[in-house]
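Some notes on the structure that comes next.
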Amino acid sequence: MDTMKKYFYVIKTQIIKSLTYEFNVYGNIIMQTIIMITSAYFWRALYKDRGMVGDVDVDSMLTYVILSSLLSVLFITNVERRIEMSVEKGTVATDMMKPINVFGVYFAEDIGNIIALALQNMLPILLIGSLMIRVPVMKDIHDLPFFIISVVQSFLINWLVAALFGMIAFSAVNIDALIQVKKHLLRLLSGSIIPIWFFPGSISKILGALPFVYIYQLPVSIYIGKVDRAQQLGQLGIQFIWLVILSVIFLHAQNRVTSKVMIQGG
């Protein structure tokens, strides 16, 4: 219970801290709005004189664009840079000796940051998208519980991928450039920019076998009704399996880097 209070304190502190950086908020809103509107114009041009493409109509695709932009706010992580900073400053060893899990602190910080971003960024982006593109109405409101479950699992998978990637900092001098490459590559592989059902068959199958597609494409596909109930349950099960696999890999990697740091002293 005391440990949970510490994590909640970290979350509260991070919320307050995130709410003070107004420039970052405006910059993120502007960037996401530009990407969202540009994508909407692209899909409108692609769907011109076409009723359906890939079993999805233009209205569903525009909703896909707005939902993807909203989820991109929830999936912002800072764990990679926190790991990199602690390694560069040499504080990682002392952080790991504290009576609280350092990766748990990073996770709590990201939760606090996301709560702040949801309050500051998601509503403006949703409003802009609704006014300039279309109101992103859910295809079937009965799918809402499955959508929520999928979003939660998506967030956890995304965070685990980010944390595992951040652990490269224990072996590399600087990972700033790699973080940017990873960020854009992940959005491409996850179907955030272009759904993988538009990719050639062989590439689509390969990407579908990776965990990334379960970060963006699955929850948005549920929202727009691209997958039926049976497919939803099956893909949610696969998403959960990937979550378990990545959790096991993360715990193993965490134990390895912790042992390495404690032996070598950072």
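The values are calculated or read from the model by the stated rules, or taken from the named source; none is laboratory data. Given the structure is predicted, the values throughout are model-derived calculations rather than measurements. Backbone-built Cβ (ideal geometry, glycine too); neighbour counts: all protein chains shown.
Residues that are within 27 Å of E80 (Cα to Cα) and either in contact with a His (Cβ under 6 Å, 6 or more places away or on another chain) or free of Cβ contacts under 8 Å to residues at least 12 places away in the same chain (or both) within region 120-146 comprise just one, L123. Taking the numbered list (1) surrounded by 13 or more Cβ atoms within 10 Å (Cβ to Cβ); (2) out of contact with any Leu (no Cβ under 6 Å at 6 or more places or on another chain); (3) outside any helix (DSSP H, G or I) in turn, V135 passes all entries but (1).
P124 satisfies every condition listed in (1) surrounded by fewer than 21 Cβ atoms within 10 Å (Cβ to Cβ); (2) modelled with pLDDT under 85 except (2). When you look at I179, is it touching a Gly at 6+ places or on another chain (Cβ under 9 Å), of a type in the set (V, I, T) and over 15 Å from Q235 (Cα atoms), yes or no? Yes.
Summed over region 97-118, residues that are assigned to a helix (DSSP H, G or I) and free of Cβ contacts under 8 Å to residues at least 40 places away in the same chain total 1.
When you check L243 against the structure, is it part of a helix (DSSP H, G or I) and within 22 Å of S68 (Cβ to Cβ), yes or no? The answer is yes for L243.
Of the helices (runs of 4 or more DSSP H) entirely within region 165-238, those holding at least 2 residues that are within 30 Å of V87 (Cβ to Cβ) occupy 176-189. If the condition is being of a type in the set (A, V, I, L, M), surrounded by fewer than 20 Cβ atoms within 10 Å (Cβ to Cβ) and part of a helix (DSSP H, G or I), then region 27-69 contributes I29, I30, M31, I34, I35, I37, A45, L46, V58. Total residues in region 178-237 satisfying the condition of being touching a residue at least 60 places away in the same chain (Cβ under 8 Å), under 15 Å from V65 (Cβ atoms), out of contact with any Leu (no Cβ under 6 Å at 6 or more places or on another chain) and β-branched (V, I, T): the figure is 2. Would you call L178 touching a Phe, Trp or Tyr at 6+ places or on another chain (Cβ under 8 Å) and farther than 28 Å from K6 by Cβ? Judged against the criteria, L178 is a match.
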